[in-house]
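Everything on this sheet refers to the single structure shown next.
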Amino acid sequence: MIKTLRQIARVGIVTESPPAADDELRVRDALERHVRQVLGRALCIRQVDAGSCNGCELEIHALGNPLYNVESLGIRFVASPRHADLLLVTGPVSRHMEVALRRTYDATPDPKLVVAVGDCGACGGIFGAGYATLGAVSSVIPVDVVVPGCPPSPTRLLQGILTAISSGRVGPGLHAKRFS
């Protein structure tokens, strides 16, 4: 032990100099500024499960974990559509959820955005349109952005949300933009 301490005293502290700050890594700050610039406050999202298998919901829940941490970007999920700016709709719209989805859409104050999530929300997915489902979310309410995938990754979901608010105009009637 004495030998090690003498060597430390003789050599001194050897460390690398710290790297310079890199502004390109400040993505979070830029995203938060952009959200607040467009909306003037936090983006409030109401997630609606219109009949999905819950695969997309698992990816949506991942947005709140420490890796993605969307709350730090000024994006939060709310329990009431009356407090929402954006509806995040998953699944093919089942016939039993049609009225509930329309009511949720109507209860969301204008201007409002709708993001259809997953292949099921985009076109009905493997369920399609049939006796139990109406198919795509756009067959029931206007959709601004479609995020395909089965299920789409949290990164793709975040891209879809940011695309919706970056569209230049907040509100229905926009033609749905589809990711590839």
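In region 68-84, which residues are touching a residue at least 24 places away in the same chain (Cβ under 8 Å), farther than 11 Å from residue 48 by Cα and surrounded by fewer than 13 Cβ atoms within 10 Å (Cβ to Cβ)?
72, 82
Given the criteria over 20 Å from the mean Cα position of the chain (by Cα), among the aliphatic types (A, V, I, L, M) and either at pLDDT 90 or above or surrounded by fewer than 20 Cβ atoms within 10 Å (Cβ to Cβ) (or both), does residue 114 qualify?
Details: over 20 Å from the mean Cα position of the chain (by Cα): no; among the aliphatic types (A, V, I, L, M): yes; either at pLDDT 90 or above or surrounded by fewer than 20 Cβ atoms within 10 Å (Cβ to Cβ) (or both): yes.
When the stated conditions are applied, residue 114 does not pass them.
Given the condition surrounded by 16 or more Cβ atoms within 10 Å (Cβ to Cβ), over 16 Å from the mean Cα position of the chain (by Cα), at pLDDT 90 or above and under 22 Å from residue 43 (Cβ atoms), answer yes or no: does some residue in region 85-101 qualify?
So far as region 85-101 goes, yes, one or more of its residues are surrounded by 16 or more Cβ atoms within 10 Å (Cβ to Cβ), over 16 Å from the mean Cα position of the chain (by Cα), at pLDDT 90 or above and under 22 Å from residue 43 (Cβ atoms).
The values are calculated or read from the model by the stated rules, or taken from the named source; none is laboratory data. Keep in mind it's a predicted model, so treat the numbers as computed, not measured. Note: ideal-geometry Cβ built from the backbone for every residue, glycine included; neighbour counts use all protein chains shown.
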